[in-house]
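The values are calculated or read from the model by the stated rules, or taken from the named source; none is laboratory data. Given the structure is predicted, the values throughout are model-derived calculations rather than measurements. All Cβ positions, even for glycine, are placed from backbone atoms using ideal geometry, and neighbour counts span all protein chains on display.
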């Protein structure tokens, strides 16, 4: 256990220690990671950094004190609403990230149901199995039952199963644009029609695709409608710190009107500390993140985002072509953007990930079905060829000697398949509890 320092240290020692600890981090700047960081180059990073520092100490907790942050937030939300074909009535909030945006959407519709439909005592929401895990967290936090529906062979929400899952307790339908696991957009237009038919709210989770899908559509790619242009869509979440290339953490949650947004808010009038009202889950909101998002959006504009989208899609095409040329590997479905997964019918995919990790790559692994997951950014432009070369070599190694493929990932996912339902979650909770309490 580390002791609280009695005396301060010199900055050279502090920074040297920080740099040493950083050595083992994923090398995102050189494109060796395929998730977590969305890096579009030093030019855009410096725009975000300088804007962040200008408002480093500002706190968006009280919009009457920091009028600048209120204006930034309103401008960001207005620009985002325009991007998503909203209208003058569209309203929203900035949050700390996609998880908070999703939590706020579920909280909003739970509270609306409590106010307008008190007869619903056990509210339910319908989720495709590909919906982000944050909806499961929201269900757990807010007492809303998650009902899962399967995907079609194209990895899209099954519309027939969706309608069959609707009950008198249903308050919300969820669709993704795109879904994280396979990078495929759900049939949003048809889901919107079902929401209207049954008088239900419909949230579109565009946390991943919100700031790339509109721009790849601009440059000629086929993108299904997913936003407020679709009748029945009542809210959309979209992360600015993903393909918006803003500083972490900032996301937007938008509602078709401010009447819906009001259910998101929380107020308490009997606190000795004064009248309290909050727009989202957090109290303090870092002004720097809001300022950085405002600066990057205005610096890039539509044309700048179109240029970045073209780069992402060119890299994605190169990767997908190279992957499918390796025997036994295939892309899952037909992803619309720079997010996709590939699987295999002849190679242990988790052993393949272990081999790639040995070569310095950080790969996200998935199950149901087993596959490897990629989120492409401009940082991958100069490494796509070397990655494909390493992938080809790793695939051949695993295929030629499957018995030797017993790395950490292969063992972990093999264990998951052998454990009874619910036991994997217990293992993960225990592992995280141990990891976060360990000093190295």
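Observations on the model:
- Applying the criterion of at least 2 residues that are in contact (Cβ under 8 Å) with a residue 40 or more places away in the chain and surrounded by 11 or more Cβ atoms within 10 Å (Cβ to Cβ) to the helices (runs of 4 or more DSSP H) found wholly in region 1-113 leaves 42-54, 67-83.
- Check on residue 110, in contact with a helix residue (DSSP H, G or I) (Cβ under 8 Å, 6 or more places away or on another chain) and not assigned by TED's automatic domain parsing to the domain that holds residue 373: yes
- Among the residues making up region 315-327, those that are out of contact with any strand residue (DSSP E or B) (no Cβ under 9 Å at 6 or more places or on another chain), touching a residue at least 12 places away in the same chain (Cβ under 8 Å) and either assigned to a helix (DSSP H, G or I) or buried (at least 23 other Cβ atoms within 10 Å of the Cβ) (or both) are 315, 318, 322.
- Considering (1) touching a strand residue (DSSP E or B) at 6+ places or on another chain (Cβ under 6 Å); (2) within 27 Å of residue 90 (Cα to Cα), the lone condition that residue 179 does not fulfil carries the number (1).
- Taking region 366-389 as the range and being touching a strand residue (DSSP E or B) at 6+ places or on another chain (Cβ under 9 Å) and within 17 Å of residue 28 (Cα to Cα) as the test, the residues that pass are 373, 374, 375, 376, 379, 380.
- The residues of region 157-189 that are part of a helix (DSSP H, G or I), under 28 Å from residue 316 (Cβ atoms) and without any contact (Cβ under 8 Å) to a residue 40 or more places away in the chain amount to a single one, 159.
- Checking the stated criteria, residue 410 turns out to be in a helix (DSSP H, G or I) and at pLDDT below 85.
- Residue that is farthest from residue 354 (Cα to Cα), among those in region 413-434 that are in a helix (DSSP H, G or I) and at pLDDT below 75: 418
- Considering the conditions (1) in a loop (DSSP other than H, G, I, E, B); (2) under 19 Å from the mean Cα position of the chain (by Cα), residue 154 is excluded by exactly one of them, (2).
- Scan of region 114-136 for residues that are in a loop (DSSP other than H, G, I, E, B) and in contact with a strand residue (DSSP E or B) (Cβ under 9 Å, 6 or more places away or on another chain), ordered by number: 117, 120, 122, 123, 129, 130, 131, 132
- So residue 76, is it over 21 Å from the mean Cα position of the chain (by Cα) and assigned by TED's automatic domain parsing to the domain that holds residue 210: no
- Within this structure, residue 398 passes the test of being modelled with pLDDT under 95, buried (at least 21 other Cβ atoms within 10 Å of the Cβ) and not assigned by TED's automatic domain parsing to the domain that holds residue 224.
Yes/no per residue for (1) touching a residue at least 12 places away in the same chain (Cβ under 8 Å); (2) crowded, with 18+ Cβ neighbours inside 10 Å; (3) under 23 Å from residue 396 (Cβ atoms):
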position: 344; (1), (2), (3): yes, yes, yes
position: 349; (1), (2), (3): yes, yes, yes
position: 356; (1), (2), (3): yes, yes, yes
position: 360; (1), (2), (3): yes, no, yes
position: 367; (1), (2), (3): yes, no, no
position: 373; (1), (2), (3): yes, yes, yes
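- Any hit, region 328-341, residues being part of a helix (DSSP H, G or I) and modelled with pLDDT of 90 or more: no
- The listed residue being modelled with pLDDT of 95 or more and in contact with a strand residue (DSSP E or B) (Cβ under 7 Å, 6 or more places away or on another chain), out of 35, 101: 101
- Hey, residue 215 surrounded by 16 or more Cβ atoms within 10 Å (Cβ to Cβ) and out of contact with any strand residue (DSSP E or B) (no Cβ under 6 Å at 6 or more places or on another chain) or not: yes
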